[in-house]
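Encoded as structure tokens, the structure appears first; notes follow it.
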Amino acid sequence: MNGWKHWVIATSLALSSTVALAQSSMDNVEIKATEVGERVYMLTGQGGNIGVFVGADQVVMVDAQYAPLADKIAAAIAALAEQPLKTLINTHFHGDHVNGNAAFAAKGVENRIAHANVLARLDADTRFDKSGLPTITFAGGLGFKVGDETIQMTHYPAAHTDGDVVVWFPSANVIHAGDLFFVDRFPFIDLNSGGRVQGYIDAIEAVMADIDDETLIIPGHGGLSKKADWQRLVSMIKVTREEVRSMQSAGLTEDQAVAQGLDAKWADWSWGFINEERWIRTLYKDLN
Ligand SMILES: [Zn+2]
């Protein structure tokens, strides 16, 4: 998900600085830690869920939420482990996952790992604080050894964006799926940043083939989940895409498809950022 809330607030109050607004709107955000598996935790606050791995000599975090939350996130991590926080992995380039990068760099997070396309996009983004840029990039996949564990990162092309990475913690049988997983809500598929609906489905199915029914999945957005929960998302995407495809084949324009709407049974999947209209427009544009 992108930093939509931030921008809605920012554009409606043009006189104030976005940083000050982001700060004040996040004062009440609480960072909650959940133990997921052996040495792996999930942190929730505002923005994409954070994964934490406590290694023998350092802590690794996955995604960084927003800069104004960095002190609270660092405190929550310090409460879980004495080891220093040294490594940050970004699942993709969206602001609600990378906005805190520079703040964590300032806290001594030396290794910042992401797919090469994430570095390219952040480097080109004039609003992104360059001190938080990734320092280690890769193309297909990367293993990062921490003590006796090797954290695995795998890139899935043309999915939520063009730089999505799934992070695996093999000993704990836990993965962080980034925004390849929105739990029981319409997903954001960023067609303007290399995302594609079929690629999104392919990525999820490829990961699902490599995990088992007990694998715990930290989603980008939503609660801790398992494979069966992810399957619901894939099924919803396939069925709603067929609904939109039939409307398109019947000659409906994008606006007419929005007006007709999806089957009523999908109403619960609508949420603030990706409501039914936005989901139909995504599917319609992607099919063109
Ligand atoms: Zn995202």
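The values are calculated or read from the model by the stated rules, or taken from the named source; none is laboratory data. From a predicted model like this one, the values you see are computed outputs, not experimental measurements. Methodologically, a virtual Cβ is constructed for each residue, glycine included, from the backbone with ideal geometry; neighbour enumeration extends over all protein chains shown.
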Review point. Scanning for something under 21 Å from D179 (Cα atoms), crowded, with 19+ Cβ neighbours inside 10 Å and in contact with an Asp or Glu (Cβ under 7 Å, 6 or more places away or on another chain), does the range 67-89 turn up at least one residue?
Key: no
Point to revise | strands (runs of 3 or more DSSP E) enclosed by the range 119-223 - at least 2 residues per element that are touching a Phe, Trp or Tyr at 6+ places or on another chain (Cβ under 8 Å) | key: 149-156, 164-169, 174-182, 216-221
Exercise for review: Scan the range 242-288 for residues that are surrounded by 11 or more Cβ atoms within 10 Å (Cβ to Cβ) and at positive phi and jot them down.
Suggested key: G261
**Study point:** Pairs where the first residue, in the range 43-59, is at positive phi and the second is within 16 Å of the ligand (Cβ to nearest atom), C-beta under 7 Å, 6+ apart
**Key:** G47/Q65; G47/Y66; G47/D96; G47/H97
Review point. Out of (1) more than 11 Å from the ligand (Cβ to nearest atom); (2) buried (at least 19 other Cβ atoms within 10 Å of the Cβ); (3) under 15 Å from the mean Cα position of the chain (by Cα), the odd one out for E149 is which?
Key: (3)
Study note, to complete from the structure: Reported set for the range 78-99 where residues are touching a residue at least 40 places away in the same chain (Cβ under 8 Å) and touching a Phe, Trp or Tyr at 6+ places or on another chain (Cβ under 9 Å) is L80, T87, I89, F93, H94, G95, D96, N99
**Study point:** Among residues of the range 244-275, those that are more than 26 Å from the chain's Cα centre (by Cα) and within 18 Å of F188 (Cβ to Cβ), counted
**Key:** 2
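Does L224 meet the test of being more than 16 Å from the ligand (Cβ to nearest atom), under 24 Å from T44 (Cα atoms), among the aliphatic types (A, V, I, L, M) and at pLDDT 95 or above? Can you show your working first?
Numbers: more than 16 Å from the ligand (Cβ to nearest atom): yes; under 24 Å from T44 (Cα atoms): yes; among the aliphatic types (A, V, I, L, M): yes; at pLDDT 95 or above: yes.
Yes, satisfied.
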Revision key, fill the gap. Per the filter on the range 160-208, residues under 29 Å from G55 (Cβ atoms), surrounded by 19 or more Cβ atoms within 10 Å (Cβ to Cβ) and small (G, A, S) are G163, A177, G178, A203
